[in-house]
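A short worksheet on the structure shown next.
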Amino acid sequence: MAKLAQQFMNEKTAPGAWFLLLVPDEDISTNIAGPITRRRAKQLENEMHDEVKNNLALLNDIPLVFLLLRYSTRKQKNQQPGLLHLPPSPPALPILGHLHLIGSLTHVSLWNLAAKHGADLMLLRLGAMPALLVTSPRAAEAVLRTHDHVLASRPHSLATEIIMYGHSDIGFAPYGECWRQAKKLVTTDLLNTNKVWSFRLAREDEVSMVMAKISEAAAAAEINFCEGPELRPLSCTIGWEKRFVRTVFAGPIA
């Protein structure tokens, strides 16, 4: 084994280079018990060479992990210089943030995090998006009433930038004079009592059609409304006065 290791160092390494010999614990007695044949020596050489390559690959991943951690920490400090004044936050992972702490029952996971890390406010990072979790009536009053104008704007994203024409839609526009005028227009002209009442005939027509289809389909098979595709034409017609003509009860609904 020593001669084989010496031969391996002479052939595979440069002069003066460091050499790390990794020998597996299993079957050591079998490897050194008898004379080592040329085939067995070649096999051992290949095994050691593969082991060294695997360990070097793992060592190459360590600097990448440190670079990601350093980049994440520096980005947080640059974006939020007043880091000491932020609400409490649980430890986060690079890139993922706190997504790994949220289970299938979101409200239960958030309640457990709030009970452990913050009584009123808690900062979460959902990927690259920071989110403020409000968990008490006192904090909710401060956010929704006292400081409503500070927290009234919506988060910006590339999707809303493209689809909503530069965040000009009322649902994603930043808080300001333009948004206040758009809200006033929607409230007084689109969602007033007279306008809503004017769609009464469309609602009655659609409800009658859906009830007739349900009665017809129920005679043949059981109907499950969990998925809700049969109610989409109803909402589209009521909201936009556009009927999507399709047979939603053509067969049994699973």
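FYI, it's all coordinate maths here, none of it is from the lab. Keep in mind that what you see is a predicted model, and the values were worked out from it rather than measured. With ideal geometry, Cβ positions are generated from the backbone for all residues, glycine too; neighbour counts draw on all protein chains shown.
Ordered by the count of other Cβ atoms within 10 Å of each Cβ, fewest first, Glu177, Glu47 give Glu177, Glu47.
Is the shape of the range 93-151 rounded, prolate or oblate, going by the alpha carbon gyration tensor and its root eigenvalues a ≥ b ≥ c, with a/c under 1.5 for rounded and a/b larger than b/c for prolate? Since a/c reaches 1.5 but b/c is at least a/b, the shape of the range 93-151 is classed as oblate.
By the count of neighbouring beta-carbon atoms within 10 Å, fewest first, Ser109, Ser104, Ser215, Ser89 end up ordered Ser104, Ser215, Ser109, Ser89. Quick one: Debye curve from the C-alpha atoms of the range 104-232, no solvent, what's log10 I(q)/I(0) at q = 0.13, 0.15 Å⁻¹? These q points yield log10 I(q)/I(0) values of -0.96, -1.04. Treating r as the C-beta distance of Lys195 and Ile170 and R0 as 22 Å, the FRET efficiency rounds to 0.85.
Stokes-Einstein diffusion for the range 118-176, with the hydrodynamic radius set to the Kirkwood value over Cα pairs and evaluated at 37 °C in a medium of 0.692 mPa s, equals 252 µm²/s.
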